[in-house]
Amino acid sequence: IGEDGIAESSSQDRTDVFIWQNATLVRRIPGQFTRTWVFSVAEMKGVVASVQWSGSTIVQTAEGLTIDEKPPGSDIRQWVLHGIDGNKAERIYVPKGEITERGDVTWSSGAITIREWTLSAYVDENGVVARRFLLDDDLAL
């Protein structure tokens, strides 16, 4: 994960329902919901290559990897995001997630190559988009 960390976003549409007389709002019905995380990866390993170039043919060779690049396909998999703040940590398990956006990649001889990804969560069979673990002695039993 890059030095900027992980940016988490959620969004939910709402449909407003108004009483006919007085045009008064009586309810906001929840609609479409999305949860995403944006982060950067700086390390190139086989699993990173399989996510960056999902759907492509990747072969390990004596020199490294050879990639016959194809347009990205759907690649839904489990994810674990982990952040540390002093002696506290937060771990997020995403049972069904997919990289839905890949940012620009800059090649430079003076800096490491960074790949920015947007991870989108999908609901699992229990309706869960993520399970969050707050690892903090102050919150423990």
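The values are calculated or read from the model by the stated rules, or taken from the named source; none is laboratory data. This is a predicted model, so every value here is computed, not measured. Every residue, glycine as well, gets a Cβ built from its backbone with ideal geometry; the counts of neighbours run over all protein chains shown. Remember, those area values only see protein heavy atoms, side chains included, never the ligands or the DNA or RNA. Shrake-Rupley method; radii C 1.70, N 1.55, O 1.52, S 1.80 Å.
Of the residues in the range 88-105, not one is over 18 Å from Ser54 (Cα atoms), part of a loop (DSSP other than H, G, I, E, B) and open to solvent by 50 Å² or more (accessible area, probe 1.4 Å). Answer yes or no: is there a residue in the range 124-137 that is touching an Asp or Glu at 6+ places or on another chain (Cβ under 7 Å) and either at positive phi or open to solvent by less than 60 Å² (accessible area, probe 1.4 Å) (or both). Among the residues of the range 124-137, not one is touching an Asp or Glu at 6+ places or on another chain (Cβ under 7 Å) and either at positive phi or open to solvent by less than 60 Å² (accessible area, probe 1.4 Å) (or both), which makes the answer no.
Residues in the range 52-70: is at least one under 30 Å from Leu135 (Cβ atoms) and either free of Cβ contacts under 8 Å to residues at least 12 places away in the same chain or among the β-branched types (Val, Ile, Thr) (or both)? Checking the range 52-70: not a single residue is under 30 Å from Leu135 (Cβ atoms) and either free of Cβ contacts under 8 Å to residues at least 12 places away in the same chain or among the β-branched types (Val, Ile, Thr) (or both). Reported count of residues in the range 78-87, each being at pLDDT below 90, in a strand (DSSP E or B) and either hydrophobic (A, V, I, L, M, F, W, C) or out of contact with any strand residue (DSSP E or B) (no Cβ under 9 Å at 6 or more places or on another chain) (or both), is 2. The combined condition, being closer than 12 Å to Val38 by Cα, loosely packed, with under 13 Cβ neighbours inside 10 Å and modelled with pLDDT of 85 or more, is not fulfilled by Glu116.
Tell me yes or no: at least one residue of the range 22-36 is among the β-branched types (Val, Ile, Thr), assigned to a strand (DSSP E or B), over 21 Å from Tyr93 (Cβ atoms) and touching a Ser or Thr at 6+ places or on another chain (Cβ under 9 Å). Yes, the conditions are met somewhere in the range 22-36. Scanning the range 32-56 for residues that are of a type outside the set (Gly, Ala, Ser) and open to solvent by less than 60 Å² (accessible area, probe 1.4 Å) yields a count of 10. Is one or more of the residues making up the range 9-16 of a type in the set (Lys, Arg), assigned to a strand (DSSP E or B) and exposed (fewer than 13 other Cβ atoms within 10 Å of the Cβ)? Scanning the range 9-16, I find at least one residue that is of a type in the set (Lys, Arg), assigned to a strand (DSSP E or B) and exposed (fewer than 13 other Cβ atoms within 10 Å of the Cβ), so the answer is yes. Here Asp75 meets the list (1) over 22 Å from Asp13 (Cα atoms); (2) not in a loop (DSSP other than H, G, I, E, B) almost entirely, failing just condition (2). Being more than 15 Å from the chain's Cα centre (by Cα), without any contact (Cβ under 8 Å) to a residue 40 or more places away in the chain and surrounded by 12 or more Cβ atoms within 10 Å (Cβ to Cβ) is a property that does not hold for Leu141. None of Ile1, Ile29, Ile19 is open to solvent by 50 Å² or more (accessible area, probe 1.4 Å), β-branched (Val, Ile, Thr) and either at pLDDT 90 or above or within 15 Å of the chain's Cα centre (by Cα) (or both) except Ile1.
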